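The values are calculated or read from the model by the stated rules, or taken from the named source; none is laboratory data. For clarity, every value in this text was computed on a predicted model and none was experimentally measured. Every residue, glycine among them, receives a Cβ derived from its backbone with ideal geometry; neighbour counts consider all protein chains shown. Heads up: the accessible areas ignore ligands, DNA and RNA and are worked out on the full protein's heavy atoms, side chains in. Shrake-Rupley method; radii C 1.70, N 1.55, O 1.52, S 1.80 Å.
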Amino acid sequence: MEWGTLVATLGGGLIAIAGTVLADRLRTRQEHRRSLQARRRDVYTEFITAAGEAHTELRRLAQNGAGATDLEAASRSALTNARVYEVRERLFLGASSRVAGTGQTMFERLRALRKVVASGAGVSTPAFHDIYHPYLDAVWAYRKAVRDELDGHALTPADFGWSAWDGRERCPHCTERAADTAPGRR
């Protein structure tokens, strides 16, 4: 047996083994990336859903606030029952820093909304809308960050025919208030 044949056979075997190991490593890395993206998508969705449930209950309280005996307790329960605090912690553990940051801003604005509802501000009061619209803006900023990360295609207000995310331009209370405070009106 010649040395050249032996070296060629061993070299071919090593190349085949290295190719197999490399392909397996790349497949494992790709599976890990897909798994991470799926876990993130789940927690991102769970967070926005929990915040949405709390938001719905806070709006209900603001609309029917006079009927609640303790708005402070009821508004706190809105966030607790929706599991916002719990899901927020999971968001912090698995989210990218950008999504975690926009999620925290959204959470802070939701808590500000809770405080204004607890103080007795009704859904049609300026105090409610001064907090409500920044919350909507934060919700859309969160959605934009999530879509940008997961799909690479962030939304813009123009996609919906809007000029801004905060919803003031579509809010009958705010447009009426703006008309009442416009120059030349008393």
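Annotations for the structure displayed:
- Each semi-axis of the equivalent ellipsoid for the chain is √(5λ) with λ an eigenvalue of the Cα gyration tensor; in descending order they amount to 54, 20, 9 Å.
- Of F92, F107, F47, the one that fluctuates the most in a GNM where the chain has Cα springs shorter than 10 Å: F92
- With all protein chains in place and a 1.4 Å probe, the accessible surface of the chain carries 55 percent carbon and sulfur.
- Viscosity 0.692 mPa s, temperature 37 °C, Stokes-Einstein D of segment 64-105 from Kirkwood C-alpha radius, µm²/s: 276
- Between G161, G94, G103, the GNM of the chain built on Cα springs shorter than 10 angstrom shows G161 fluctuating the most.
- Using the Cβ-Cβ distance between E53 and R29 with R0 set to 41 Å, the FRET efficiency from 1/(1 + (r/R0)^6) comes to roughly 0.65.
- 1.4 Å probe accessible area per residue over segment 1-116, in Å²: 65
- Positive-end residue of L58, C174, Y142, charge dipole of the chain with Cβ unit charges: C174
- Projected area, mean over directions - segment 73-158, Cα convex hull, nm²: 6.3
- Full-stretch length increase - R83, E2 - with 0.36 nm per residue and alpha-carbon distance subtracted: 21.9 nm
- Whether segment 6-56 is rounded, prolate or oblate, judged on the alpha carbon gyration tensor where a/c under 1.5 counts as rounded: prolate
- Cα Rg, Dmax, segment 87-132, angstrom units: 13.3, 38
- Net length gained if the chain between Q104 and F160 were fully extended (0.36 nm per residue, minus Cα distance): 17.7 nm
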